[in-house]
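The values are calculated or read from the model by the stated rules, or taken from the named source; none is laboratory data. Since the structure is predicted, the reported quantities are computational estimates derived from the model, not experimental observations. Please note: Cβ atoms are built from the backbone with ideal geometry, for glycine as well, and neighbour counts cover all protein chains shown. Just so you know, the surface numbers come from the protein's heavy atoms only, side chains and all, with ligands and any DNA or RNA stripped out. Shrake-Rupley method; radii C 1.70, N 1.55, O 1.52, S 1.80 Å.
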Amino acid sequence: QVQLVESGGGLVQAGGSLRLSCAASGSTSRITIMGWYRQFPGKQRELVADVSNGGTTNYADSVKGRFTISRDNAKNTVYLEMSSLKPEDTAVYYCTVQTILFRRYWGQGTQVTVSS
C-alpha cells in the first residue's frame, strides 16, 4: 500500500504560479512512476505530467513549457511547478503513483483555481 498526501493548491491570478507537492509513504520502494492528473467538472481525469524513477518526464501538450514536474526520491515526493497559469488550468489536481506491479494509487486531490 502507498499513501499520498498532497499540498499546495489554492487560488491564483492568471499569469501567476503555484507549486504542488505530494509526499508518498508506505511501500515506497515499489514506486516507479510519479505524476499528476487533473479533472475538470464533468470530465475524466487527464494526465498533466509524470516522471519515471529514472527521471524521464512526460507532459500534456497543454502544459508544456509552463509546468515542470520533478521528484525527490530520497523524500518520496513529487512536485509540480506551475507557471503562466491560465483560467483553463482550473481543476482538481490529483497526485498518482504507479508501482512495479502496475498498481496505481491516488491522492485526495487539491483544488487549483486560476482567476482571470
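Among the residues of segment 1-16 satisfying the criterion of being under 8 Å from T113 (Cα atoms) and not small (G, A, S), which is most open to solvent (accessible area, probe 1.4 Å)?
This residue is L11.
Tell me which strands (runs of 3 or more DSSP E) are completely within segment 1-46 and hold 2 or more residues being over 14 Å from L85 (Cα atoms) and of a type outside the set (A, V, I, L, M, F, W, C), or say none if there are none.
Passing ranges, in order: 2-7, 18-26, 31-39.
Which of the residues belonging to segment 56-82 are open to solvent by 40 Å² or more (accessible area, probe 1.4 Å) and either in contact (Cβ under 8 Å) with a residue 40 or more places away in the chain or in contact with a strand residue (DSSP E or B) (Cβ under 7 Å, 6 or more places away or on another chain) (or both)? So that I can check it myself, show each step before the final result.
Of segment 56-82, the ones open to solvent by 40 Å² or more (accessible area, probe 1.4 Å) are 56-59, 61-62, 64-65, 68, 70-76, 81.
Scanning segment 56-82 gives T57, N58, Y59, T68, S70, R71, K75, N76, E81.
Test A23 against the criterion of being small (G, A, S) and either exposed (fewer than 13 other Cβ atoms within 10 Å of the Cβ) or touching a Gly at 6+ places or on another chain (Cβ under 9 Å) (or both), and give yes or no.
The answer is no for A23.
Hey, any hits in segment 60-72 for a residue that's assigned to a loop (DSSP other than H, G, I, E, B) and modelled with pLDDT under 95?
No, that holds for no residue.
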